[in-house]
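**Q** I have a structure here, written as structure tokens, and I will follow up with some questions on it.
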Amino acid sequence: MKIVAFAGALRKDSVSKKLVQETVRLLAEEHDLDADYVDLKEYPFPVYDSDIEQSIGIPESIDRLGKLVANASILVIASPEYNGGISSVLKTLVDWLSRFKPDPLAGKHLLLLSASPSGSGGVQGLWHTRVPFEALGVHVFPQMVAIPRATDVFDQNDRLVESKAADKLRRVLQSFVEHAVRHRPINGDENHRAK
Ligand SMILES: Cc1cc2nc3c(=O)[nH]c(=O)nc-3n(C[C@H](O)[C@H](O)[C@H](O)COP(=O)(O)O)c2cc1C
């Protein structure tokens, strides 16, 4: 099962990046599963604009990301809550990816995570983040993980050491992996064709 993991955030010290990288480590250490971590900062793309699409086409960075997504069967995304909703970079990415026919996202399994310095962990943003993925036929796992007070839960090696948060992530990851194995999703290049 090919797994692609990324954060819906760009900044270097992003707690979302720390959380998704911790999840990649747990997948390897506890489930013997390799996940490819992708940093969206290395794939710059403009806000969706159909004038760009019509004049230049889909950006090359989006084409590369679309291929990565199409070749995976499982996605793990940690994304911050922005003003109660989905982060701007993640929404832009989803909008661009949805322009491929067929959509590379359709049929994938997705685990959603968030981390925030706030007490809520950004859980409201996760409910909003589900919506565009579900609209595109992604199987968003019912359980999600929102880590509160996220600036205090990682050690100097960026390991998630706060026990309540670490337990919750482990528990949900276990259920998600079992679910994804039981319901193997569609996979492969045939699911992605750039226009
Ligand atoms: C534009 C913007 C909107 C934000 N809105 C929320 C919010 O609604 N809820 C929340 O818990 N944190 C909010 N925050 C704070 C983020 O959770 C915090 O900056 C977090 O560290 C961002 O994630 P990152 O560290 O992965 O970049 C917001 C931050 C920004 C920049």
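**Q** Viscosity 1.306 mPa s, temperature 10 °C: Stokes-Einstein D of region 1-47 from its Kirkwood Cα radius, in µm² per second?
**A** Values: Rh = 11.3 Å.
The calculation lands on 140 µm²/s.
**Q** Given a Förster radius of 22 Å and the C-beta distance between Asn83 and Asp152 as r, what FRET efficiency does 1/(1 + (r/R0)^6) yield to the nearest 0.05?
**A** With a Förster radius of 22 Å, E is 0.45.
**Q** Mind listing the long-range amide H neighbours of Val161? Cut-off is under 5 Å, sequence gap 5 or more, other chains count too, H placed in the peptide plane at 1.01 Å from N.
**A** Phe154, Asp155
**Q** To the nearest 20 Debye, how big is the dipole of region 70-145 about its Cα centre, given +1 on the beta carbon of each Lys and Arg and -1 on that of each Asp and Glu?
**A** 140 debye
**Q** Next question. Binning at 5 Å from 0, report for region 1-96 what percent of all alpha-carbon pair distances ends up in each bin.
**A** Answer for region 1-96: a P(r) of 3, 13, 21, 23, 19, 13, 6, 2, 1, 0 percent.
**Q** Something else: Could you work out the Kirkwood radius for region 87-155, taking every pair of different alpha carbons, averaging 1/r and inverting it, reported in Å?
**A** 13.0 Å
**Q** Starting from the Cα-Cα distance between Ser163 and Ala135, subtract it from 0.36 nm times their residue separation and give me the gain in nm to one decimal.
**A** This chain segment gains 6.6 nm when fully extended.
**Q** Lysines within cross-link reach of Lys168: Cα-Cα under 22 Å, excluding same-chain residues under 8 positions apart?
**A** Lys17, Lys18
**Q** Sticking with this one: Please say if region 44-127 is rounded, prolate or oblate, where rounded means a/c under 1.5 for a ≥ b ≥ c the square roots of the C-alpha gyration tensor eigenvalues, and otherwise the choice is prolate for a/b larger than b/c and oblate otherwise?
**A** Judged from the Cα gyration tensor, region 44-127 comes out oblate (a/c at least 1.5, b/c at or above a/b).
**Q** Follow-up question, since we're still on this one. Amide H of Glu81 versus every other amide H placed in the peptide plane: which residues, excluding those fewer than 5 positions away on the same chain, fall under 5 Å?
**A** Ala115
**Q** Follow-up. Could you work out [θ]222 nm for the chain from helices alone, using -39500 (n - 2.57) per DSSP H run of at least four and dividing by all its residues? Round to the nearest 500 deg cm²/dmol.
**A** Value at 222 nm, helices only, nearest 500: -12500 deg cm²/dmol.
**Q** Treating only the Cβ of Lys, Arg, Asp and Glu as charged (+1, +1, -1, -1), what charge dipole size does the chain show about its Cα centre? Round to the nearest 20 debye.
**A** Roughly 300 debye for the chain.
**Q** Given the options Leu111, Leu19, Leu27, which has the most mean-square fluctuation in a GNM of the chain, springs set between C-alpha atoms less than 10 angstrom apart?
**A** Result for the chain, Cα springs under 10 Å: Leu27 fluctuates most.
**Q** Please tell me the relative contact order of the chain in percent, rounded to the nearest whole number, where contacts are Cα pairs under 8 Å and at least six residues apart.
**A** 24 percent
**Q** Looking at the chain only, what percent of DSSP beta bridges run antiparallel? Nearest 5 please.
**A** Numbers: 2 of 21 bridges.
If I count the DSSP bridges inside the chain, around 10 percent turn out antiparallel.
**Q** What share of Cα pairs, in percent, lie more than 24 angstrom apart in the chain?
**A** Every Cα pair in the chain considered, those over 24 Å come to 35 percent.
Values quoted throughout were computed directly from the atomic coordinates according to the rules given, and no laboratory measurement underlies them. On a predicted model such as this, the values are computed, not experimentally measured, just so you know. Neighbour counts are summed over all protein chains in view; Cβ atoms, including those assigned to glycine, are modelled from backbone coordinates with ideal geometry.
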